[in-house]
1. Output the residues belonging to region 329-366 that are free of Cβ contacts under 8 Å to residues at least 24 places away in the same chain and either within 17 Å of Val251 (Cβ to Cβ) or assigned to a helix (DSSP H, G or I) (or both).
2. Among the residues of region 62-117, which ones are in a strand (DSSP E or B), aliphatic (A, V, I, L, M) and within 17 Å of Ala26 (Cα to Cα)?
3. Which residues, taken from region 48-61, are among the aliphatic types (A, V, I, L, M) and assigned to a loop (DSSP other than H, G, I, E, B)?
4. Within region 320-334, can you find the residues that are open to solvent by 10 Å² or more (accessible area, probe 1.4 Å) and small (Gly, Ala, Ser)?
5. Take residues that are within 22 Å of the chain's Cα centre (by Cα) and tell me which of the helices (runs of 4 or more DSSP H) falling wholly in region 446-533 contain 1 or more.
6. What are the pairs with Cβ atoms under 8 angstrom where one residue, in region 260-276, is among the small types (Gly, Ala, Ser) and the other, located anywhere, is open to solvent by less than 50 Å² (accessible area, probe 1.4 Å) and modelled with pLDDT under 95? Sequence gap at least six, or different chains.
7. Does region 31-46 include one or more residues that are out of contact with any Cys (no Cβ under 6 Å at 6 or more places or on another chain), under 18 Å from Gly423 (Cα atoms), aliphatic (A, V, I, L, M) and open to solvent by 40 Å² or more (accessible area, probe 1.4 Å)?
Amino acid sequence: MIAPDALDTLLRGSAPHALLDVRERAAYERGHIYRATSVPRRLLEFRVPRLVTAKTTPIVVYDEDGGIAPLAAATLAAMGYRDVRVLEGALAGWRAAGRRLVQGLNVPSKVFGEQALHRHHTPELSCAELAARIDRGERMVIVDSRTPEEYSRGCIPGAVSMPGAELVLRISELIPSPDVPIVVHCGGRTRSFIGAETVRRMGLPNPVIALRNGTMGWQLDGFTLERGAARWAPQVSAASREVGERVAAQVATEDGVTMIDAKDVQDLLARRDEHDVFFLDVRTAEEYAAGHPAGAAWAPGGQVIQATDEYVGVRAGTIVLTCDGFVRSVMTASWLLQMGFPRVRVLRGGLPSWIAAGGEVETGQPAPVPFGYESARAAVATITPAALQAELKSGDAPAVIDVDPSDVHARGHVPGATWLCRGRLELTSDAVAPPSRPVVLTCEDGVASTLAAATLAATGRRAVRVLAGGKRAWTAAGLPTETGARLGDVADDVVLKPYERGRDAMEAYLRWETDLDDEGVSPHALLPGVPRP
């Protein structure tokens, strides 16, 4: 156990540590400890090895009421982490000690975005004014600094997809003359400001403006987004690469970005069990899949700034960035240094230097095997799709439990399957099937369900099996699926975006983000009808 006061001292210090909120995402969004990383218990085996690489790093876990945090601590201990503590009194104890909670997701990044706006006095343009300029036919370069997937779902009409890390490398390809304004937008605020300031550092003569409130503001003002756009960032020419390299070299000097050689990176990676190291490739998904340094996680530069806590679980750890040279790595490193991360490094020369030093290269999007999967697979029994189908038609059918995310379950599952959150199985499974009834666990590919089966078997259940190959094997066998949700637990694992919740949610979100203070607190509730913690 760790008392609230001791945790507060740990959080305010510089020693390496990780604070993990093991509740589901919706509960985390409604209220959590500032700088806590959201890792629902069901994802510990999948995500923690990349978020906390050193087994000696102190880890604190907490939940709402102390029900699942001890279970999460036991999992982490089994994974080899040697200093795992549970917050005494859970969040109730934290509140009772007079500590505050914050609302929202990726709050430290959002706080930084608002700070950057005020520090740099980023020029802004209202959605109404941009719409008027578009109607007048004024020449402008409009770029969407979000991910390509977000861009395709809905962008400002005429915008080109150019994620934040790509701006310095590619924006020159779009500028027809020095007097044409450049407008940067995202879905709300953070990536608009960061993107605009990234371009402003290039020293271009063009006016560079952030669109206030992004696509949410555009919709709230009554304008229509363009859906399904496919104007992607242009290929990098020799001229634009020269511009990007000149700018990045200047930024590296001004901001004190540290470069290290491939051999030094390899030495760091060899000691990841002793020191937290985050090796991040900030290029596009296509470039990463074509070939990246072995052990590097894909983390597109703009998203690293937008959602840093998704990639880095220990602020005191070492962050090593790589790309195809140094432009995108340096620009990302500059922002991370401004965010207060103490040990940020850039691989000098990027992927080519890694290869030249004899570094191994991987292709595709590697899916690391989660901790405990191999031993669970060897220990739990399986059932083929055909055999399960036959049993379901019999008079003594097993209970089928689906442990996929609740939205994936709703899109299609084995007929009659009940959804349960894997993170709370020990607490909820008896209500779906008494301990004496046989149970079959399913998920999309059989991985999470295998881990879930091992969890249930450890509670004393004897008749626990896994659908071999998961639902993919079920559908490949030509067997029918059922749509809609059969919920046996609260579906708090999926959080809708504000624009998916409607007008009230978008307005509330923008009020919340605008008024964030330096410790992540806003006087406005994030969700309509949800009180401030």
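The values are calculated or read from the model by the stated rules, or taken from the named source; none is laboratory data. The structure displayed is predicted, hence computed values, not measured ones. Positions of Cβ are backbone-derived with ideal geometry, glycine not excepted, and every protein chain shown enters the neighbour counts. Just so you know, the surface numbers come from the protein's heavy atoms only, side chains and all, with ligands and any DNA or RNA stripped out. Shrake-Rupley method; radii C 1.70, N 1.55, O 1.52, S 1.80 Å.
1. Of everything in region 329-366, just one residue is free of Cβ contacts under 8 Å to residues at least 24 places away in the same chain and either within 17 Å of Val251 (Cβ to Cβ) or assigned to a helix (DSSP H, G or I) (or both), namely Ile355.
2. The answer is Val102, and nothing else.
3. Val52, Ala54
4. Scanning region 320-334 gives a single hit, Gly325.
5. Filter on region 446-533 gives 447-458, 498-501, 503-514.
6. Close Cβ pairs satisfying both conditions: none exist.
7. Checking region 31-46: at least one residue is out of contact with any Cys (no Cβ under 6 Å at 6 or more places or on another chain), under 18 Å from Gly423 (Cα atoms), aliphatic (A, V, I, L, M) and open to solvent by 40 Å² or more (accessible area, probe 1.4 Å).
For every residue, the table says whether it meets (1) within 14 Å of Leu19 (Cα to Cα); (2) hydroxyl-bearing (Ser, Thr, Tyr); (3) out of contact with any helix residue (DSSP H, G or I) (no Cβ under 7 Å at 6 or more places or on another chain).
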position: Ala72; (1), (2), (3): yes, no, no
position: Thr75; (1), (2), (3): no, yes, no
position: Gly80; (1), (2), (3): no, no, yes
position: Ala116; (1), (2), (3): no, no, no
